[in-house]
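The structure under discussion appears below in the form of structure tokens.
The values are calculated or read from the model by the stated rules, or taken from the named source; none is laboratory data. Worth saying up front: this structure is predicted, and the values here are computed from it rather than measured. Neighbour counts are summed over all protein chains in view; Cβ atoms, including those assigned to glycine, are modelled from backbone coordinates with ideal geometry.
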């Protein structure tokens with residue numbers, strides 16, 4: 001066992017998990033807060049997971065790459081779902097991955113799909129070193145068996161760019177242009193691929209990933225995320 005993992009287990013024993021809703025110690029999500037989770041509402045677009053406008057026009061679809069067949073999400077990016085995402089990647093919240101995986105599997109059971117490969121959206125090398133893990137890879141491992149796919153963590157590589165959360169929607173699109181490469185072209189060629197990430201806001205990142213996989217010959221690219229910014 002790595003020292004970091006051992007220290008994490010000790011810390012979790014000394015300081016039990018707090019509920020992502022009410023911060024009560026002893027559970028990552030209490031029963032009361034589970035009932036208040038911001039599940040994605042009915043009536044969202046089946047392709048992009050965003051709300052349709054008054055005339056049925058969907059701004060989310062306009063922002064997505066044509067290489068991306070669909071985006072499925074468990075929650076709206078607010079409340080306890082937003083706290084879960086931020087805790088997972090910024091507050092040493094690896095203990096939340098099984099809980100978040102549980103909800104992702106529920107989403108997939110409600111809207112089944114199969115994929116030969118499950119590809120986590122990658123971090124840049126510096127961010128990966130700082131964090132010590134890729135939160136999207138943890139979530140990908142939680143759903144791979146259900147979609148009957150194999151996790152390929154190195155299917156995509158990410159070049160260093162400024163953090164997306166610091167940029168406007170237009171800046172995000174430019175920031176991820178040519179940010180990804182596919183070193184495993186033979187592996188992804190002709191395959192159905194499920195991209196996995198923690199959150200989608202503008203869709204710029206997953207669109208860039210889908211474009212890269214499509215250029216490498218992927219047969220179909222879908223995406224699954226924990227939360228969707230509406």
Q: Would you mention how many residues in the range 54-91 are in contact with a helix residue (DSSP H, G or I) (Cβ under 7 Å, 6 or more places away or on another chain) and farther than 27 Å from residue 220 by Cβ?
A: 5
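Quick check on residue 49: is it part of a helix (DSSP H, G or I) and assigned by TED's automatic domain parsing to the domain that holds residue 92?
Taking the combined requirement at face value, the residue does not satisfy it.
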Q) Only one residue in 128, 55, 105 is outside any strand (DSSP E or B), more than 18 Å from residue 196 (Cα to Cα) and in the same structural domain as residue 202 (by TED's automatic domain parsing). Which one? A) 55
Q) Do we have residue 151 as modelled with pLDDT of 95 or more and within 18 Å of residue 210 (Cβ to Cβ) here? A) yes
Q. Hey, residue 35 hits all of (1) at pLDDT 95 or above; (2) under 17 Å from residue 197 (Cα atoms) but one; which does it fall short on?
A. (2)
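Among the residues of the range 107-134 satisfying the criterion of being touching a residue at least 40 places away in the same chain (Cβ under 8 Å) and surrounded by fewer than 17 Cβ atoms within 10 Å (Cβ to Cβ), which is farthest from residue 151 (Cα to Cα)?
This residue is 131.
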